[in-house]
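Trainee: Okay, handing you the structure first.
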Amino acid sequence: MIHTKLYFKNGYWVLLAADTSRKYRQVFKNKSKMLVNAKRAKMQGDSIDAQQELHKKTFVNVYEEFAKEKIEDAEGPNALKLISIVHYPRHFKYWIKPYFDYRILVQEVCIDVVEQWFKKIRKEGCAFKTAEDAAATIKTCLRYARKKQYINHLNGLEDWSPRENRALLPEKAEEYQAKKTVMINRAEVKALLEHLKPKDKDIVQLHRYVAITTMTFLGLRMSELIALKWNDIDLTAGTYELHQVKVVSKLYSRLKADGSYETNPLPSGLWNLLKNWKIIHQEYFKNSEWVFPSFKDKHIFICEKTVRDWMLKAYAAIGLAEIEIIPCANKNSKSYIKVKWCKFKGAITKTLRHFAATVVTNEQASNPLIFNDNFVKGYVRHKDVKLTKGLYGNHNNLDESNSFREEQRSGLDKAFRLEV
């Protein structure tokens, strides 16, 4: 029942009620004590009814409510990216509703309950990573429940992870270890850009070359590259700042992380290239706001598939992939690319971001004053430099040439200084 206090001051009876933090706040006042007591009785009655209703809420019910609210949030004016929240209803459909004990109340969810559920879905064939992701959404749901005042705490689940219980880990370590993105090395980047460099004044070749060069030197995500506008770039000062991303054909004015809102310098070569591109761009695309517009319609941005196809064809040409062009059965449709193999697997464009981030992270060691933590995380567009160093600090394979390996071998010989 809600806690209340009543006192008389300056000719008024004042009613105070405790909030969730146990602080008393004024909720009603009147000169009539009878009316104030009536208000007090109603609040207490409503509180008892609410508590009784709360004790009927199962975790499955609350998770369904939580998932629906997330979807509704994605449809608002300041919307979340739908792609970032669709996993909530998916986890509910496949792993929460069928396997979480529907009799368990939301306030009864604890580490033991979640671990028993975790074992159950793993036994039913759920991959460890999927189960781990689903378990993380349970904690997110409980935070929602706390915000709604269904519960007061998370019963020890705040810092819980299935990785902390060895009994929950799969036998093969590769099933739960994070897969490292295969990163393109410096020699391969050089070969890629040399291959893409226009052989003549063909606008398609130039468009492709500038787009992929920009992605390489700025470490842009695909969503950032295709949403890049000329007003994001100051060609006079040689700087840029991102303001929007495109995800699944929808433009968002919010970026992925707070660290993305930084003004950064353009590398000199790219700065000159973009200056030249702007001149040609204005002649061909007639004042389009997009740095890389579609050839079909200058008023829209280039599509993600086009950039990926450019990359795959270039990789194939320099020996980093093998592809097959498959004609569509429908003559009105374009052919598509079948990837037989690629060194970078599914990270066709992401590998360029890893390259740029690793270059900047490595440079910090030799130039710590200029390449300080704020610059590094800002350039890579992360909120926290720890994330940047955790992701890219262990790559460091920018040079895989035989001569570099020999330099490494020579360094090892000097370090050991032992005869064998």
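The values are calculated or read from the model by the stated rules, or taken from the named source; none is laboratory data. The shown structure was predicted, so the numbers you read here are calculated from the model rather than taken from an experiment. We place every Cβ from the backbone using ideal geometry, glycine too, and count neighbours over all the protein chains shown.
Yes/no matrix, rows are residues, columns are (1) at pLDDT 85 or above; (2) polar (S, T, N, Q); (3) within 41 Å of the chain's Cα centre (by Cα); (4) in the same structural domain as residue 148 (by TED's automatic domain parsing):
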residue	(1), (2), (3), (4)
14	yes, no, no, no
19	no, no, yes, no
36	yes, no, no, no
43	no, no, no, no
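Trainee: Which of the numbered conditions does residue 364 fail, given that it passes all the others? Conditions: (1) over 20 Å from residue 214 (Cβ atoms); (2) surrounded by fewer than 18 Cβ atoms within 10 Å (Cβ to Cβ).
Mentor: Only one criterion in (1) over 20 Å from residue 214 (Cβ atoms); (2) surrounded by fewer than 18 Cβ atoms within 10 Å (Cβ to Cβ) is unmet by residue 364, namely (2).
Trainee: Out of 313, 298, I need the residue that is on the phi < 0 side of the Ramachandran plot, in contact with a Phe, Trp or Tyr (Cβ under 6 Å, 6 or more places away or on another chain) and assigned by TED's automatic domain parsing to the domain that holds residue 200. Which one? Give the steps one after another, and end with the answer.
Mentor: Working: 313 fails: in contact with a Phe, Trp or Tyr (Cβ under 6 Å, 6 or more places away or on another chain).
Step by step, each of 313, 298 is checked, and only 298 is on the phi < 0 side of the Ramachandran plot, in contact with a Phe, Trp or Tyr (Cβ under 6 Å, 6 or more places away or on another chain) and assigned by TED's automatic domain parsing to the domain that holds residue 200.
Trainee: Taking only pairs six or more apart or across chains, which ones have beta-carbon atoms under 9 Å, a first residue in region 361-375 that is assigned by TED's automatic domain parsing to the domain that holds residue 262 and free of Cβ contacts under 8 Å to residues at least 60 places away in the same chain, and a second residue that is surrounded by fewer than 11 Cβ atoms within 10 Å (Cβ to Cβ) and not in a helix (DSSP H, G or I)?
Mentor: Filtered contacts from region 361-375: 363/370; 364/370.
Trainee: Looking only at helices (runs of 4 or more DSSP H) that fall completely inside region 190-290, which ones have 1 or more residues that are closer than 18 Å to residue 354 by Cα and in contact (Cβ under 8 Å) with a residue 60 or more places away in the chain?
Mentor: Values: elements: 203-218, 222-225, 268-285.
In region 190-290, the matching helices (runs of 4 or more DSSP H) lie at 203-218, 222-225.
Trainee: Find the helices (runs of 4 or more DSSP H) located wholly in region 335-420 whose residues include 1 or more that are at pLDDT below 70 and touching a Gly at 6+ places or on another chain (Cβ under 9 Å), and list them.
Mentor: Qualifying helices (runs of 4 or more DSSP H): 385-392.
Trainee: Let me ask you something else. Do we find that residue 307 is of a type in the set (Val, Ile, Thr), modelled with pLDDT of 90 or more, in a strand (DSSP E or B) and under 27 Å from the mean Cα position of the chain (by Cα) in this structure?
Mentor: On the way: of a type in the set (Val, Ile, Thr): yes; modelled with pLDDT of 90 or more: yes; in a strand (DSSP E or B): no; under 27 Å from the mean Cα position of the chain (by Cα): yes.
No, not satisfied.
Trainee: Looking at the structure I just gave you, is residue 166 basic (Lys, Arg) and not assigned by TED's automatic domain parsing to the domain that holds residue 139?
Mentor: Values: basic (Lys, Arg): yes; not assigned by TED's automatic domain parsing to the domain that holds residue 139: no.
So residue 166 fails the test.
Trainee: Continuing with this model, one more query. Within region 270-287, can one find any residue that is at pLDDT 80 or above, over 22 Å from residue 216 (Cα atoms) and touching a helix residue (DSSP H, G or I) at 6+ places or on another chain (Cβ under 8 Å)?
Mentor: We begin by selecting, within region 270-287, every residue at pLDDT 80 or above; these are 270-287.
Cutting the leftovers down to over 22 Å from residue 216 (Cα atoms) gives us 282-287.
Keeping just the survivors that are touching a helix residue (DSSP H, G or I) at 6+ places or on another chain (Cβ under 8 Å) gives 284.
For region 270-287, residues at pLDDT 80 or above, over 22 Å from residue 216 (Cα atoms) and touching a helix residue (DSSP H, G or I) at 6+ places or on another chain (Cβ under 8 Å): present.
Trainee: Taking residue 112 as meeting all but one of (1) surrounded by fewer than 17 Cβ atoms within 10 Å (Cβ to Cβ); (2) in a loop (DSSP other than H, G, I, E, B), write down the number of the exception.
Mentor: (2)
Trainee: Can you say whether residue 151 is at pLDDT below 95, of a type in the set (A, V, I, L, M, F, W, C) and under 30 Å from residue 57 (Cα atoms), as far as the supplied structure shows? I'd like the intermediate steps shown before the answer.
Mentor: On the way: at pLDDT below 95: yes; of a type in the set (A, V, I, L, M, F, W, C): yes; under 30 Å from residue 57 (Cα atoms): yes.
In short, yes.
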